[in-house]
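Undergrad: Sharing a structure here in structure tokens format.
The values are calculated or read from the model by the stated rules, or taken from the named source; none is laboratory data. Predicted, not measured: the structure shown is a model, and the values here were computed from it. Cβ placement follows ideal geometry from the backbone for every residue including glycine, while neighbour counts extend to all protein chains displayed.
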Amino acid sequence: MNFTETVTDRMICHCLQVKESQVADSVAIYGAGTVKDVVRTCGAGGGCNSCHAKIRQLIEAHGVTDATS
Ligand code: FES
């Protein structure tokens with residue numbers, strides 16, 4: 001099972017209405033390695049910032065060890 005097969009379609013960023021699968025695509029397809037990269041590629045995390053921890057977890061699940069930026 002690869003990374004993109006383990007994610008769901010649950011909403012991860014309520015401010016921008018972005019699903020977990022869209023964030024996973026940003027990481028796996030567009031190479032997003034930081035929260036800023038995810039904001040730039042799919043918009044998730046661009047509002048209240050409360051989803052940043054979940055976004056970091058997704059990035060780190062993809063093998064990026066430091067997703068703090
Ligand atoms: S829930 Fe993602 S920025 Fe607010």
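Undergrad: Take the conditions at pLDDT below 95, surrounded by 14 or more Cβ atoms within 10 Å (Cβ to Cβ) and touching a strand residue (DSSP E or B) at 6+ places or on another chain (Cβ under 9 Å) and apply them to V38. Does it pass? Reasoning before the result, please.
TA: Details: at pLDDT below 95: no; surrounded by 14 or more Cβ atoms within 10 Å (Cβ to Cβ): yes; touching a strand residue (DSSP E or B) at 6+ places or on another chain (Cβ under 9 Å): yes.
The answer is no for V38.
Undergrad: May I pose another question? So which residues in segment 41-58 are modelled with pLDDT of 95 or more and aliphatic (A, V, I, L, M), if there are any at all?
TA: A44, A53, I55
Undergrad: Scan segment 27-51 for residues that are within 17 Å of D66 (Cβ to Cβ) and among the hydroxyl-bearing types (S, T, Y) and jot them down.
TA: Within segment 27-51, T34 is the sole residue that qualifies.
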